[in-house]
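Below is one structure, written out as structure tokens; comments come after it.
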Amino acid sequence: MNDAKGSIWQVMQEKGYSRREFVQFCTFAATAAGLSGPAAAAVVEAFEKKQRPPVIWLHFQECTCCSESFIRASHPIVADVLLDVLSLDYTETLQAAAGHAAEKCRQDTMKAHAGKYILLVEGSVPTGADGIYCTIGGRTAADILKEAAAGAAAVIAWGNCASFGCVQAAKPNPTGATPIHKLISNPVINVPGCPPIADVMVAVVTHILIFGRIPELDAQGRPKEFYGRRVHDTCYRRPYYDAGMFVEAFDDDKARKGYCLYKMGCRGPVTYNACAVTKWNGGTSYPIQSGHGCLGCSESGFWDNGPFYQHLPSFPGFGIEATADKIGAAVAIGAAVGVAAHAISTNLRKRHLIHEHSDAVPNPAPSRKAEDGEVK
């Protein structure tokens, strides 16, 4: 078990990090938590004195993709030092200990740091057949979770599995897979995704380190800072949606030109996540930028929300629904008609401009003619 004594700065010094690297780490931590200016300086002061928190990381019904995402945080200093800054006392995936020695680490941490450790949970918990579908050391996942949560200062549910059940909870849910927040009384920070974005995971932990409390959450227990806007609202393909220009097939000319993937089943309009802003792999890309529609993996029950490649049945508003769909019922009919006319004229103008731009871009692949002579 790691020794949790000593401040974050002291631990980094022992690992050979310079003062400058420590300040860089604090700056990143402040940025991740949405702080700047004088508040960022306070982070340096806090990390000089704050004892690194003990962490217990539980794994239940999951594929370990959340752990894989977390240890690949893009910031180089975080990638090197984060697991040292945290006193990672127990995690089945990364710990060297096994068997009784591993279980002793968890028990010792809960006793020695009651009310102070951070509990990270990856995976859903099976409740069917008395929980026998997931047991560790002869105990069910439900028993281990409840025991660990009782003395935790904060509980974070990593990924859609722990947050909402994910594929294990999809119909018919034979194991009775259940999300963490439905099994314990503690406030739970849900960080959904399949997996969540690494930098978002780091930022949530950083918020707790700096403020000593959980961040502001939405109605589904997700941090508003990263789940406060739809993928659709920040998507670079949004102008094509507004202009009514959509991909009709993954191999058509419209797909090559980067049109909107809404008709291909993209769930961006109903999915709240930071994918289009924070992106993946060091800000390189995200699914829509790679040519695939959003699956809605940060939403509850996304596996049961219809076929992934089926057009959403309906979506309110004109193309520019960000303002059009907020017109109240009390607005005069004349004003509503004016807004509608403006939305339609704006869409027509956007469509014309985008068509002009698309025509100016050379087609990277020649069109194919079908046997009946129609261009596909």
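The values are calculated or read from the model by the stated rules, or taken from the named source; none is laboratory data. Source: prediction; values computed, not measured. Cβ coordinates were reconstructed from backbone atoms using ideal geometry, including for glycine residues, and neighbour counts include every protein chain displayed.
Tell me which residues, restricted to the stretch 306-327, are modelled with pLDDT of 50 or more and polar (S, T, N, Q).
Answer for the stretch 306-327, where residues must be modelled with pLDDT of 50 or more and polar (S, T, N, Q): GLN310, SER314.
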Q: Could you tell me which of the residues ILE118, ILE132 is more than 27 Å from TRP9 (Cβ to Cβ), aliphatic (A, V, I, L, M) and modelled with pLDDT of 80 or more?
A: ILE132
(Q) Here is a check on your reading of the model: is GLY258 within 16 Å of TYR286 (Cα to Cα), of a type in the set (Gly, Ala, Ser) and out of contact with any Leu (no Cβ under 7 Å at 6 or more places or on another chain)? (A) yes
Q) How about the stretch 279-297: which of its residues are buried (at least 18 other Cβ atoms within 10 Å of the Cβ), in contact with a Phe, Trp or Tyr (Cβ under 7 Å, 6 or more places away or on another chain) and not aliphatic (A, V, I, L, M)? A) TRP280, TYR286, GLY296
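Does at least one position in the stretch 162-177 carry a residue that is of a type in the set (Phe, Trp, Tyr), assigned to a strand (DSSP E or B) and either within 21 Å of SER67 (Cα to Cα) or modelled with pLDDT of 95 or more (or both)? Before the answer, list the steps.
In the first step, residues of the stretch 162-177 are kept if they are of a type in the set (Phe, Trp, Tyr); the result is 164.
From the residues that got through so far, the ones that are assigned to a strand (DSSP E or B) too are none.
No, the stretch 162-177 contains no residue that is of a type in the set (Phe, Trp, Tyr), assigned to a strand (DSSP E or B) and either within 21 Å of SER67 (Cα to Cα) or modelled with pLDDT of 95 or more (or both).
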(Q) Going by what's in this entry, would LEU83 be described as assigned to a strand (DSSP E or B), under 26 Å from ALA198 (Cβ atoms), within 25 Å of the chain's Cα centre (by Cα) and at pLDDT below 90? (A) no
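I'd like the full set of residues that are touching a Leu at 6+ places or on another chain (Cβ under 8 Å) and either modelled with pLDDT of 95 or more or within 23 Å of ASP251 (Cβ to Cβ) (or both), limited to the stretch 295-305.
none
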Q) Listed residues ALA102, ALA97, ALA149, ALA141; which is among the hydrophobic types (A, V, I, L, M, F, W, C), without any contact (Cβ under 8 Å) to a residue 40 or more places away in the chain, in contact with a helix residue (DSSP H, G or I) (Cβ under 7 Å, 6 or more places away or on another chain) and surrounded by 13 or more Cβ atoms within 10 Å (Cβ to Cβ)? A) ALA97
Q. Within the stretch 233-244, is there a residue that is closer than 29 Å to PRO172 by Cα and either touching a residue at least 12 places away in the same chain (Cβ under 8 Å) or not β-branched (Val, Ile, Thr) (or both)?
A. no
Q: Give the stretch 225-276 a look and list any residue that's buried (at least 17 other Cβ atoms within 10 Å of the Cβ), within 14 Å of TYR309 (Cα to Cα) and of a type in the set (A, V, I, L, M), or say none.
A: VAL247, LEU261, MET264
Q) Would you say CYS260 is touching a residue at least 60 places away in the same chain (Cβ under 8 Å) and of a type outside the set (Lys, Arg)? A) no
**Q.** Count of the stretch 91-142 residues which are out of contact with any Cys (no Cβ under 8 Å at 6 or more places or on another chain), assigned to a strand (DSSP E or B) and under 18 Å from CYS66 (Cβ atoms)
**A.** 6
Q | Number of the exception - PHE211 against (1) within 27 Å of TRP9 (Cβ to Cβ); (2) surrounded by 17 or more Cβ atoms within 10 Å (Cβ to Cβ); (3) touching a residue at least 40 places away in the same chain (Cβ under 8 Å) | A | (2)
Q: Would you mind stating whether LEU88 is modelled with pLDDT under 85, among the hydrophobic types (A, V, I, L, M, F, W, C) and assigned to a strand (DSSP E or B)?
A: yes
Q. So how many residues does the stretch 43-72 have that are assigned to a helix (DSSP H, G or I) and touching a residue at least 40 places away in the same chain (Cβ under 8 Å)?
A. 11
